[in-house]
Amino acid sequence: MIPALMPTYARANVAFERGEGAYLYASDGRRFLDFACGIGVTGLGHAHPHLVKALTEQGKKLWHCSNIFQIPGQQRLAERLVARSFAETVFFCNSGAEAIEGGIKLVRKYHDDSGHPERYRIITFHNGFHGRTLATIAAGGQEKHLKGFAPVVDGFDHVAYENLNEVRAAVTAETAAILVEPVQGEGGLRAARPEFLKSLRQVCDEFGLLLFLDEVQCGMGRTGKLFAHEWAGIKPDVLSTAKALGGGFPIGALLATEKAAVGMTAGTHGSTFGGNPLAMAVANAVLDVMFADGFLDQVAEKGERLGRRHDALVRARPRVFSELRGMGLMRGLKCVDGVTAADIVAKLRDRGLLTVGSGDNVVRIMPPLIVEDRHMEEAFAILEGATEGIEPAKAAKA
Ligand code: PLP
């Protein structure tokens, strides 16, 4: 018999009832150090006092208001994002997938308005992940997400990540944009080299394509800059973000240049809940913290330290890990053949450290941006202890 709760997730047997900073407390009394952050969502940790205050104060005033009226919190949040990024305009929605869907629509509209409705195809990358709606599973192109949901939404051409030759070869008269994650979150924590992102910018300029970045997971401070592409010194035309923008309150945002968004006029796109006053109060509070002097610099610095320690761990555990991936506070430990990332994640959880598996047999490490040295040391000790003595299954059989 099907459970009352539709069983679309393989859930671990733990329920949390409270969170504080970097820690989560389960209903059975156990305490966990949270280096998963609800998969990159609780960037400022749990129950951050400034966010709690913003949410509760707004909660007493006004929860919802239709977008047929002015919503001052939206105006403020948009202006603040515009002031700190490449973007000149922002649309608010409720999730990452919606932010990507909005971007796909924007890309099509841009070319349609330019007199080229035939330019609707978007080049995307193997192991990419852009969400679970029909268009975003087509953009991701992963068989495991598409299976059973045919027909696949048309308009996406997949090439190898970081392979410029394949990108160039994929451009046709129908190509509209390139959609890429600067750091692949679900696909195994590969971070694009800055030169690759620069080359994508050049290809877009050469062929009149829009560069569309998916920073749903790697954006909002995760790498030590507001957006990960800033490390490459490039500017996209369109960018989607979500997750940590709301610190745990559902929100997504579509950022674009004026040129790219010129066709997004009244009536072209919308969302009932998108940008509602509760979400705006919390997201503005998130920006208060993230935009404070030095906040992102200290994230970058902690990210470097985390990287160095994990690099040492990879070298000390060559029978468990083969490679450290990612950047900033978005890291991945690639497991060797015969060691399963899911097993490592479970062992770490048993010892009180939450991490999350990623594609390509990678253990994903995403501490909150407010992580302190003592948390990193605690996590590191758990990682060392849990991986000691592990042998790859194949080697054990030999
Ligand atoms: N894009 C990326 C890079 C993601 O990591 C995710 C979610 O993990 C999404 C899009 C989809 O976001 P959501 O689950 O909020 O729809």
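Every number here is computed from the coordinates shown, using simple stated rules; none is lab data. Since the structure is predicted, the reported quantities are computational estimates derived from the model, not experimental observations. Heads up, the Cβs are rebuilt from the backbone with ideal geometry, glycines too, and the neighbour counts pull from every protein chain shown.
List of remarks:
- Note on N165 and K60: with the Förster distance fixed at 51 Å, the Cβ-Cβ geometry gives a FRET efficiency of about 0.35.
- Spatially close Lys pairs in segment 50-290, defined by Cα atoms under 19 Å apart and a spacing of eight or more places or different chains, total 8.
- Sequence-ordered 3J(HN,Hα) estimates for segment 303-320 from the Karplus curve with 6.51, -1.76 and 1.60 and θ = phi - 60° stand at x, 5, 4, 4, x, 4, 5, 6, 4, 4, 5, 4, 5, 7, 10, x, 8, 10 Hz, glycine and proline given as x.
- Residues whose amide H falls under 5 Å from that of H46, counting only those 5 or more places apart or on a different chain, are E20, G21, A22, Y23, with hydrogens built in the peptide plane.
- Environment charge of E195, counting only residues whose C-beta is closer than 13 Å and scoring Lys/Arg +1, Asp/Glu -1: +2
- Put in order of Cβ neighbour count within 10 Å, fewest first, the listed residues D350, D360 become D350, D360.
- Gyration tensor (alpha-carbon) shape descriptor, the chain, a/c threshold 1.5: oblate
- Rounded to 5, percent antiparallel among DSSP beta bridges of the chain: 65
- Between D205 and I2, full extension at 0.36 nm per residue minus the direct alpha carbon distance yields a gain of 67.9 nm.
- For the listed peptides 195-208, 243-256, 121-134, 143-156, a ranking on the average number of other beta carbons within 10 Å per residue, highest first, reads 243-256, 121-134, 195-208, 143-156.
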